[in-house]
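S.K.: Let me begin by handing over the structure; questions about it come next.
The values are calculated or read from the model by the stated rules, or taken from the named source; none is laboratory data. None of the values given here were measured: they were computed from a predicted structure. Virtual Cβ from ideal backbone geometry, glycine too; neighbours counted across all protein chains shown.
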Amino acid sequence: MSTDKPDVVASTFAPTADLPVIVVGETVVGAAVVQDEPKPAGASQAAPQTQPALAGWPPRFSCFVTGTDTEIGKTLASSAILHALVQQGVRACGMKPVAAGAEIRNGALHNDDADMLIAAGNVTMPQSLTTPYMLMEPAAPHIAAALEGVTIDPVPILAAYLEIAAASDAVVVEGVGGFCVPLNDSFDTADLAQQLDLPVILVVGLRLGCISHALLTAEAIAARGLKLVGWIANEVQAEMAFADENVAALKQRIGAPLLGRIPRLGQPTAAAAAEYLNLAGLPNWPTRRNNQ
Ligand SMILES: Nc1ncnc2c1ncn2[C@@H]1O[C@H](COP(=O)(O)OP(=O)(O)OP(=O)(O)O)[C@@H](O)[C@H]1O
Ligand SMILES: [Mg+2]
């Protein structure tokens, strides 16, 4: 790949001695950092120039969970997917690569999303891998990062993903806010999903305005050359007027299966939400293993 930027690491990453060495090719890492100008919203994207991060590995379930907005149920849905994976008997790990809004408890940084994902999975990994960027301020990530003098860099996130994938059978990566949230001046969460090259699951928070948000997000996912493999309707509001009609309008227009509709739950736990999901049709969804 030709670029006038300095050559950024073609990292060779060996997660453990027993596992295959994974080469993150120049294009994977380089493409993450060579964009000079922020892209206008809706600008068409070139097809990803990356090799899938885990090319050559046996098929495994991994996904990137995005949403129509912030606070619409991505963490609840991601945790429910992890819970369902654990129920299938596989080693499942969640990842919240960038979390904005942390507090110190018992001497350690905590973020609610990161904690819930860790609790729903069954693989213990250092938090520095499951959340490489844990930021204190509950603000847009690039702002929260700037407050700490940090620039969010995709390379550690990609490396962490590979290490987690090496230790797990399945990985669920939760995005930040909506699909196009900036992470630095030239890189956003959509770029991150593209670099990870993961199938995408879209969580639609059922509230007024969600139809357009959902359809725009589906378009943006396709424009990045990513596959939307399913969407989840989540009743974030106690009683939304015409909720059924909204879901029907989305079913008609989104070219991916509805994986379930999570009602407003009294106890919004991973297990409770998982009851409402049917994930068996997802690509590489594991068949049940009786090894627990
Ligand atoms: N179906 C539901 N029933 C009850 N509470 C819900 C439901 N969905 C989400 N919530 C609650 O709404 C809040 C936001 O949900 P969640 O944290 O999953 O959103 P998010 O999209 O991950 O937000 P963020 O953008 O901050 O990551 C949480 O307190 C969660 O428990
Ligand atoms: Mg969340």
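S.K.: Could you list, in sequence order, the residues of the range 201-220 that are in contact (Cβ under 8 Å) with a residue 40 or more places away in the chain and of a type in the set (S, T, N, Q)?
M.R.: Result: 217, single match.
S.K.: So which residues in the range 244-292 are within 16 Å of ligand 2 (Cβ to nearest atom) and polar (S, T, N, Q), if there are any at all? First the steps, then the outcome.
M.R.: So in the range 244-292, the residues within 16 Å of ligand 2 (Cβ to nearest atom) come out as 262, 265, 268-270, 273.
Result: 269, single match.
S.K.: Among the residues of the range 121-133, write down those that are buried (at least 22 other Cβ atoms within 10 Å of the Cβ) and more than 12 Å from ligand 2 (Cβ to nearest atom).
M.R.: Residues of the range 121-133 buried (at least 22 other Cβ atoms within 10 Å of the Cβ): 121, 130-133.
121, 130, 132, 133, listed by residue number.
S.K.: Within the range 81-91, identify whether any single residue is away from ligand 2 (no atom under 13 Å from the Cβ), in a helix (DSSP H, G or I) and of a type in the set (S, T, N, Q), and answer yes or no.
M.R.: Yes, because at least one residue in the range 81-91 is away from ligand 2 (no atom under 13 Å from the Cβ), in a helix (DSSP H, G or I) and of a type in the set (S, T, N, Q).
S.K.: Considering only residues that are among the hydrophobic types (A, V, I, L, M, F, W, C) and within 16 Å of ligand 2 (Cβ to nearest atom), look in the range 94-108 and name the one that is surrounded by the fewest Cβ atoms within 10 Å (Cβ to Cβ). Walk me through how you get there before you give the answer.
M.R.: First, the residues of the range 94-108 that are among the hydrophobic types (A, V, I, L, M, F, W, C): 95, 98-100, 102, 104, 108.
Remaining after also requiring within 16 Å of ligand 2 (Cβ to nearest atom): 95, 98-100, 102.
Values: 95: 27, 98: 24, 99: 28, 100: 24, 102: 20.
Taking the candidates together, the pick is 102.
S.K.: Now for a different question. Kindly indicate whether residue 199 is away from ligand 1 (no atom under 16 Å from the Cβ), of a type outside the set (D, E, K, R) and crowded, with 18+ Cβ neighbours inside 10 Å.
M.R.: Numbers: away from ligand 1 (no atom under 16 Å from the Cβ): yes; of a type outside the set (D, E, K, R): yes; crowded, with 18+ Cβ neighbours inside 10 Å: yes.
So residue 199 passes the test.
S.K.: I would also like to ask the following. Which one of 168, 186 is surrounded by fewer than 20 Cβ atoms within 10 Å (Cβ to Cβ), farther than 29 Å from residue 246 by Cα and modelled with pLDDT of 95 or more? Don't jump to the end; show me each part of the working.
M.R.: Working: 168 fails: surrounded by fewer than 20 Cβ atoms within 10 Å (Cβ to Cβ).
Only one candidate passes the filter, namely 186.
S.K.: Out of the residues in the range 105-114 that are over 15 Å from the mean Cα position of the chain (by Cα) and of a type outside the set (S, T, N, Q), which is farthest from ligand 1 (Cβ to nearest atom)? Step through it out loud before you land on a result.
M.R.: Looking only at the range 105-114, we keep the residues that are over 15 Å from the mean Cα position of the chain (by Cα), and these are 105-112.
Of the ones still in play, those that are also of a type outside the set (S, T, N, Q) are 105, 107-110, 112.
Values: 105: 18, 107: 24, 108: 20, 109: 16, 110: 14, 112: 7 Å.
Only one residue tops the list, namely 107.
S.K.: I would also like to ask the following. Got a number for residues in the range 184-201 being within 25 Å of residue 287 (Cβ to Cβ) and not in a loop (DSSP other than H, G, I, E, B)? Before the answer, list the steps.
M.R.: Residues of the range 184-201 that are within 25 Å of residue 287 (Cβ to Cβ), as a first pass: 196-201.
Pick out the ones that are also not in a loop (DSSP other than H, G, I, E, B) and you get 196, 200-201.
So the answer is 3.
S.K.: When you scan the range 61-80, do you find a residue that is more than 16 Å from ligand 2 (Cβ to nearest atom) and either at pLDDT below 95 or part of a helix (DSSP H, G or I) (or both), even just one? Write out each step before concluding.
M.R.: Start the filter on the range 61-80 by keeping residues that are more than 16 Å from ligand 2 (Cβ to nearest atom), which leaves 61-62.
Next, only the ones that are either at pLDDT below 95 or part of a helix (DSSP H, G or I) (or both) stay: none.
There is no residue in the range 61-80 that is more than 16 Å from ligand 2 (Cβ to nearest atom) and either at pLDDT below 95 or part of a helix (DSSP H, G or I) (or both).
S.K.: Search the range 167-183 for residues that are on the phi > 0 side of the Ramachandran plot and part of a loop (DSSP other than H, G, I, E, B) and pair each with any residue that is away from ligand 2 (no atom under 13 Å from the Cβ) and at pLDDT 95 or above when their beta-carbon atoms are under 8 Å apart and the residues are at least 6 apart or on different chains.
M.R.: Hits for this filter: 177/140.
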